Amino acid sequence: AVLHRLWAEIDKTVKQQVTMARMGIGECGTGWQLFAEDGEMKMYRREEEIDGMVVDPLKAVHVVKGITGHEVCHYFFSPKYRYDWETTLEHMTVLETISDDTLLFLQTHKRIWPASQREAVFWSHMRKLPNDQDRDGPDMWTVVNNSTEDESHPANSGKCVRIYLTVCLLCQTRVHPPKDGTPITRDNVSCKITYCSVVNPGGWAPASVLRAVYKREYPKFLKRFTTYVTNQTKNKPIMF
Ligand SMILES: O=S(=O)(CCO)c1ccc(-c2ccc(C3CCCC3)c([C@H]3C[C@H]3c3ccccn3)c2)cc1
């Protein structure tokens with residue numbers, strides 16, 4: 001097949017992001033602060049500024065019972081579900097279907113006063129990863145979202161400030177087979193989710209406002225999204 005113009009960048013970025021997501025918080029360098037905890041969910045951030053703009057990297061780890069990594073990535077990647085769980089989204093368009101597992105999105109997010117409204121143009125790629133550590137362990141699934149330029153949508157040409165994001169959702173399914181050899185049900189599966197994101201706001205926004213927004217929105221986002229997947233899958237066959 002003819003490789004898409006972005007394919008080399010996508011493949012390299014996915015490998016880099018997955019390597020970083022698999023590292024424990026202790027291996028990811030210093031300065032990580034645990035800023036939110038809710039049951040199995042732990043959220044860490046590092047305070048970083050570039051040209052006076054808050055670009056705090058975020059890393060969240062969560063374990064959710066009854067769903068698989070393939071299901072989590074499927075509902076995160078597919079545009080048709082996004083308005084159901086992404087509450088800060090004002091508008092979303094698929095600019096290009098690069099392949100059945102790679103899309104180019106344009107998203108505008110709801111304005112956060114007093115900052116001006118933001119938009120993002122990013123490719124999104126979903127991939128199953130061989131579990132190279134544990135041969136017979138279940139596969140891992142990932143979705144990586146990474147900002148990119150698009151000639152038909154030049155940055156900062158309209159009212160919105162263009163943000164630059166890199167997001168990695170890495171999921172590892174765990175199966176605990178029932179002792180009595182009965183078929184596997186949702187009670188026997190769980191998913192370890194690692195969500196990493198770096199968002200450059202692309203232009204001035206008060207550090208205090210941004211940090212308050214992240215502190216409020218990220219825990220809400222991960223809880224809402226995983227609850228959504230649980231509700232969407234509970235009466236459906238398991239997608240391994
Ligand atoms: O995981 S994704 O790829 C899912 C696809 O949607 C993702 C998640 C989050 C964002 C994003 C981008 C920009 C902002 C800010 C920056 C300055 C002003 C708006 C926020 C703020 C709105 C807050 C927020 C934080 C966390 C989650 C959702 N909302 C969020 C983009 C993509």
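The values are calculated or read from the model by the stated rules, or taken from the named source; none is laboratory data. Bear in mind that the values here come from a model prediction, so they are computed numbers and not experimental data. Cβ placement follows ideal geometry from the backbone for every residue including glycine, while neighbour counts extend to all protein chains displayed. Side chains are part of the model used for accessible areas, which takes the heavy atoms of the whole protein and leaves out ligands, DNA and RNA. Shrake-Rupley method; radii C 1.70, N 1.55, O 1.52, S 1.80 Å.
Ratio of Rg to Rh for segment 132-199, alpha carbon only, Kirkwood?
My calculation puts Rg/Rh at 1.26.
Please compute the contact order of the chain in relative form: average sequence separation of alpha-carbon pairs under 8 Å and at least six residues apart, divided by the residue count, as a percent.
With pairs under 8 Å counted, the relative contact order is 24 percent.
May I ask you to list the chymotrypsin sites (Phe, Trp or Tyr not before Pro) in segment 25-116 that are in a DSSP loop and have at most 14 other Cβ atoms within 10 Å of their Cβ?
Numbers: sites: Trp32, Phe35, Tyr44, Tyr75, Phe76, Phe77, Tyr81, Tyr83, Trp85, Phe105; in loops: Trp32.
Sites meeting the loop and neighbour criteria: none at all.
Quick one: order Met41, Met126, Met20 from most to least accessible surface, probe 1.4 Å. Provide the component values of the computation, followed by the final result.
Details: Met41 5, Met126 25, Met20 105 Å².
Sorted by accessible area, descending: Met20, Met126, Met41.
For segment 86-240, what proportion of DSSP beta bridges, expressed in % and rounded to the nearest 5, is antiparallel? List each step's numbers first, then the result.
Values: 43 of 45 bridges.
Bridges in segment 86-240 that DSSP calls antiparallel: roughly 95 percent.
At most 11 other Cβ atoms within 10 Å and a DSSP loop assignment: could you name the trypsin sites (Lys or Arg not before Pro) in segment 1-86 that fit? Show your work: numbers first, answer last.
Numbers: sites: Arg5, Lys12, Lys15, Arg22, Lys42, Arg45, Arg46, Lys59, Lys65, Lys80, Arg82; in loops: Arg5, Arg46.
Those that pass, being in a loop and sparsely packed, are Arg5.
Restricting to DSSP H runs of at least four residues, report the calculated mean residue ellipticity at 222 nm for the chain, -39500 (n - 2.57) per run over all residues, nearest 500 deg cm²/dmol.
-8000 deg cm²/dmol
Which loop GluC sites (Glu not before Pro) in segment 51-156, with loop taken from DSSP, have no more than 14 other Cβ atoms within 10 angstrom of their Cβ? Can you show the working numbers first?
Numbers: sites: Glu71, Glu86, Glu90, Glu96, Glu119, Glu149, Glu151; in loops: Glu86, Glu149, Glu151.
Those that pass, being in a loop and sparsely packed, are Glu149, Glu151.
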